[in-house]
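Asker: Encoded as structure tokens, here's the structure I'll be asking about.
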Amino acid sequence: MLGRIYAQPDRAQGLAALEELARHPSTARHIATKFARHFVADEPPPALVERLARSFRDTGGDLKALAETLVASPEAWSAPPTKLRTPYEFLIATARMTGRAPINAGPILGGLASLGQPLWAPAGPNGFADTAAAWVSPEGMKARLDLSWQVASRIQDMSDPAELLDKVAGAAASPVTRQALERAESRQQALAMLLMSPEAQRR
Amino acid sequence: MTNMRATFCESAPLSRRAMLTGAGALFAWAHAPRIASAAGARDPRLVVIILRGALDGLSAVGPVGDPDYIGLHGEIALSATGPDAARPLDSFFALNPGMPTLHRLFATKQATIFHAVATPYRERSHFDGQDVLESGLPGVGRTTSGWLNRALAALPAGQPIRSRGGLGVGVATPLALRGPAPVVGWAPQALQPAGEDLGRRMIDLYRHTDPALAEALARGLEIDRLASREMGDEKGSRGGMNSVAGMAQAARGAARLLAAPDGPRVAALAFDGWDTHANEGGPRGRLAQLLSGLDGAFGEFEKGLGDKWRDTVIVTITEFGRTARINGTTGTDHGTATVAFLAGGAVAGGRVIADWPGLKSHQLHENRDLRPTTDLRAMLKGVLGDHLGLGAATLAGSVFPESATVKPVTGLLT
């Protein structure tokens, strides 16, 4: 790329440069890495990244094909859930788990801000971090704990949190988590613990 | 098991059991409704405080005169002597030193303590125990209304205590006060931070399942504690409604609302965090700190209610007690009978009311818990009957269904 001269006139010059940029092997690897990092792990398996990069190259950057390659990859299913839900994902999951969609956006927007992901307002142009390492922060976890308690303490007629764990995590529910929920001192506390459990925080 | 023999433990411990049988005769159970007392000069205030997690009655009010007490409760037992001596109530019971206000109220006959009380629930699940405690039902079963609300709903229409509705303190009204009668909610802070106990439990869970989250959360809570210490109370009660400052804040606000001439007359609030499985502490430590928070709340109610204090009863109850023997982590596990407190200017206080069952192995419930000898509903019926003027039939009907055999304890109020 660098050092090449694009002789096309006007707009075609830019398009030619972008097209070559898009076809560059480094671009395929970059997109593949971001894709795998978002869905699988902060440090995704190299074989998976390579397969995704090949898919991107071979299909001329077809994102649907890229997604299908990911879904068909064993690594996407076997990797341990090391990703942490972003605040956005956490709040949406919380609303779904508790069966309480917000009537207005206010609480969700406030929650996003307090958890460090204000809607569409990242601190820099590179957007919000997409690594678990960035979100597993002391202040972030404390904020999630407070928010989980605030949600749980407002719910009056809730189902058994241990049953909810089954619905949410199925076979992936850890017996340790189940026991902790059953030993909680109130249903509200058990629900807050469910919202904070690795099963609900990790993905 | 209904208690027909509640008695006043003001006598020497040796004669306690002996006098119990005869003492039953002291009680003329109220069969006649006493509507007049509520409709008359008194404009009653009633506060119900629910301690969620199960209060260890044996560490809150220690039977220091029972020879088996120290052996069972070990290093967290209260002692009548020594540097952390419990505050004497009578020759048999002593109060946790973390409760100076309650002790003063007791000494000035404005507080009564029930011991060896329990709801009819005999299993050991917090969730079910809390349901029974707050619903007023004779057994486990989910319901959408509580006994306090149904008591309000049973009052004649037009009575201020009913028409002004109930006050639910906290972000969610306790089940005891939910139901058909109108309730207004008030929370000291819109966004309550999680209490220490929840943080502790999550760190414990993460340590077994996700060490990275354990470390992050532990550090986050640590810096928050540090900030709280260095910056004081600038952000209000950082520990939420269950911290010492939070309990006082909730009580202060509720007292003002209850004292207002056009305000509600009945309030319910819940304090969490009493599930002391580990490092419970006795005269000092975690439980003593929680008790001091509750004690501070009593003080705030007394101060904030002003001249309405003389018409006030504060009822403090918990879902069940804890094991008589301490466990391997210097705490106690889920048990059965425990204590209940009545405080307020309308209380005919200065008494520990207990049909003491004893603490020998064969006297314990299932050889592990303090055996219940008083049905908590008998106490609650006594308060509701004399303070709100509800009749026995109503109390045994809509308020505490299927409880006709549980007679109200009378004479609890001035």
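Just so you know, all these numbers are worked out from the coordinates, no wet-lab data involved. Values in this document were obtained by computation on a predicted structure and should not be read as measured data. FYI the Cβ positions are ideal-geometry reconstructions off the backbone, even for glycines, and counts take in every protein chain you see.
Asker: On a 0 to 90 degree scale, rounded to 10, what angle separates helix A:138-154 from the longest Cα axis of chain A?
Answerer: Around 50 degrees separate the two axes.
Asker: Assign one of three labels to segment A:135-203, namely rounded, prolate or oblate, based on the Cα gyration tensor with a ≥ b ≥ c the square roots of its eigenvalues; rounded applies when a/c is under 1.5, prolate when it is not and a/b is larger than b/c, and oblate otherwise. Can you show the working numbers first?
Answerer: Details: a/c = 1.89, a/b = 1.14, b/c = 1.66.
Here segment A:135-203 falls in the oblate category.
Asker: Starting from the Cα of residue B:43, move 7 Å in the Cα-to-Cβ direction to define the label point; list residues of segment B:148-163 whose amide nitrogen is under 15 Å from there.
Answerer: Once the point is set 7 Å along Cα→Cβ of residue B:43, B:159-163 turn out to lie under 15 Å by backbone N, inside segment B:148-163.
Asker: Then there is this: Report ³J(HN,Hα) in whole Hz for each residue of segment B:52-65, in order, from the Karplus equation J = 6.51 cos²θ - 1.76 cosθ + 1.60 where θ = phi - 60°; Gly and Pro get x.
Answerer: Karplus-based 3J(HN,Hα) across segment B:52-65 equals 8, x, 5, 6, 6, x, 6, 9, 7, 10, x, x, 5, x Hz.
Asker: In chain B, which whole DSSP H runs stretch at least 18 Å along their own axis (Cα) and average -1.0 or higher on the Kyte-Doolittle scale? List each step's numbers first, then the result.
Answerer: On the way: long enough: B:196-209 (20 Å, -1.11); B:211-231 (29 Å, 0.01); B:244-259 (22 Å, 0.81); B:286-305 (29 Å, 0.17).
In chain B, the long hydrophobic H runs are B:211-231, B:244-259, B:286-305.
Asker: Right, here's the next one. Amide H to amide H, which residues 5 or more places from residue B:185 or on other chains are under 5 Å from it, using H placed in the peptide plane?
Answerer: Placed amide hydrogens put B:168 under 5 Å from residue B:185.
Asker: How big is the dipole moment of the protein assembly as shown about its Cα centre under a simple scheme where the beta carbon of each Lys and Arg is +1, that of each Asp and Glu is -1, and everything else is neutral? Debye, nearest 20, please.
Answerer: So the magnitude is around 900 debye.
Asker: Which of the peptides B:44-55, A:10-21, A:92-103 is most tightly packed, and how do the rest follow, judged by the mean count of other Cβ atoms within 10 Å per residue? Could you put the intermediate results ahead of the total?
Answerer: Details: B:44-55: 25.7, A:10-21: 11.2, A:92-103: 13.9.
My ranking of the peptides, most packed first, is B:44-55, A:92-103, A:10-21.
Asker: Could I ask something else about it? Would you tally the net charge around residue B:290, using a Cβ to Cβ cut-off of less than 14 Å, leaving residue B:290 out, and scoring K and R as +1, D and E as -1? Please report the intermediate quantities before stating the final value.
Answerer: Numbers: positive: B:52, B:200, B:284, B:286, B:322; negative: A:185, B:56, B:196, B:197, B:272, B:275, B:280, B:295.
Here the charged neighbours net out to -3.
Asker: Right, next: Let's test the formula: R0 of 45 Å, r as the Cβ-Cβ distance of residue B:70 and residue A:78. What FRET efficiency results, to the nearest 0.05? Mind dumping the intermediate values first?
Answerer: Working: r = 57 Å, r/R0 = 1.26.
After rounding to 0.05, the efficiency reads 0.20.
Asker: I've got another one for you. Under the definition of partner shielding as Cβ atoms of other protein chains within 10 Å of a residue Cβ, what is the mean value for peptide A:191-203? All intermediate terms of the calculation are to be shown ahead of the outcome.
Answerer: Numbers: counts 0, 5, 4, 0, 0, 9, 6, 7, 2, 0, 3, 4, 0.
Other-chain Cβ atoms within 10 Å of each residue's Cβ, averaged: 3.
Asker: Next up: Going by amide H atoms built from the backbone, whose H comes under 5 Å of the H on residue B:352, apart from near neighbours?
Answerer: Counting only residues 5 or more places away or on other chains, the set is B:9, B:113.
Asker: Next up: In whole Hz, what ³J(HN,Hα) sequence does segment B:161-169 give by Karplus (6.51, -1.76, 1.60; θ = phi - 60°), x for Gly and Pro?
Answerer: Values per residue, Gly and Pro as x: 4, 8, 5, 7, x, x, 10, x, 8 Hz.
Asker: Could you work out how much longer the chain between residue A:17 and residue A:68 gets when fully extended? Use 0.36 nm per residue separation minus the Cα distance between them, nm to one decimal.
Answerer: Working: separation 51, 0.36 × 51 = 18.36 nm, distance 2.83 nm.
Contour length minus the Cα-Cα distance gives 15.5 nm.
Asker: Follow-up question, since we're still on this one. Find the centroid of the Cα atoms in segment A:103-134 and in segment B:121-189, then give the distance between the two in whole Å.
Answerer: If you average the Cα positions of each part, the centres end up 38 Å apart.
Asker: Pop out the ³J(HN,Hα) list for segment A:33-39 in order, Karplus 6.51 cos²θ - 1.76 cosθ + 1.60 with θ = phi - 60°, rounded to Hz; leave Gly and Pro as x.
Answerer: 5, 4, 4, 5, 5, 5, 8
Asker: Order these peptides, B:138-145, A:46-53, B:384-391, B:165-172, by their mean beta-carbon neighbour count within 10 angstrom, highest first. Present the calculation step by step, with values, prior to reporting the outcome.
Answerer: Working: B:138-145: 14.5, A:46-53: 19.0, B:384-391: 25.0, B:165-172: 23.1.
Top to bottom by mean Cβ count within 10 Å: B:384-391, B:165-172, A:46-53, B:138-145.
Asker: Starting from segment B:50-159, pick out the GluC sites (Glu not before Pro) whose DSSP state is loop and whose Cβ has at most 13 other Cβ atoms within 10 Å. Before the final figure, lay out each step's value.
Answerer: On the way: sites: B:75, B:123, B:134; in loops: B:123.
Sites meeting the loop and neighbour criteria: B:123.
Asker: Can you classify chain B as rounded, prolate or oblate using the Cα gyration tensor, where a ≥ b ≥ c are the square roots of its eigenvalues, rounded means a/c under 1.5, and otherwise it's prolate if a/b beats b/c and oblate if not? Spell out each step's value before the answer.
Answerer: Working: a/c = 1.56, a/b = 1.13, b/c = 1.38.
Cα axes put chain B in the oblate bin.
Asker: Can you work out the FRET efficiency for the pair residue A:179 and residue A:30, with r the C-beta to C-beta distance and R0 = 35 Å, to the nearest 0.05? Present the calculation step by step, with values, prior to reporting the outcome.
Answerer: Numbers: r = 44 Å, r/R0 = 1.25.
With R0 = 35 Å, the Cβ-Cβ based efficiency is 0.20.
Asker: Is the C-alpha gyration tensor of the protein assembly as shown telling us rounded, prolate or oblate? Criteria: a/c under 1.5 is rounded; beyond that, a/b larger than b/c is prolate, otherwise oblate.
Answerer: Prolate, because a/c is 1.5 or more and a/b exceeds b/c.
Asker: May I ask you to derive the FRET efficiency for residue B:414 and residue B:104 from their Cβ-Cβ distance with R0 = 25 Å, giving the value to the nearest 0.05? Show your work: numbers first, answer last.
Answerer: Numbers: r = 17 Å, r/R0 = 0.69.
In this case the efficiency is close to 0.90.
Asker: Would you mind checking B:109/B:381; B:360/B:381; A:64/A:142; A:83/A:142 for any pair whose Cα atoms are more than 27 angstrom apart? Could the numbers behind the result be given before it?
Answerer: Working: B:109/B:381 21 Å; B:360/B:381 31 Å; A:64/A:142 38 Å; A:83/A:142 18 Å.
With Cα atoms farther than 27 Å apart: B:360/B:381; A:64/A:142.
Asker: Fully extended, how many nm does the chain gain between residue A:2 and residue A:103 (0.36 nm per residue separation, minus their Cα-Cα distance)? Walk me through the numbers before you get to the answer.
Answerer: Working: separation 101, 0.36 × 101 = 36.36 nm, distance 5.25 nm.
31.1 nm is the gain from fully extending residue A:2 to residue A:103.
Asker: Continuing with this model, one more query. With +1 assigned to the C-beta of every Lys and Arg and -1 to the C-beta of every Asp and Glu, and no other charges, what is the dipole magnitude of chain B about the Cα centre in debye, to the nearest 20? Write out the running numbers ahead of the final one.
Answerer: Numbers: 42 positive and 39 negative charges, 207 e Å.
Computed about the Cα centre, the dipole is about 1000 debye.
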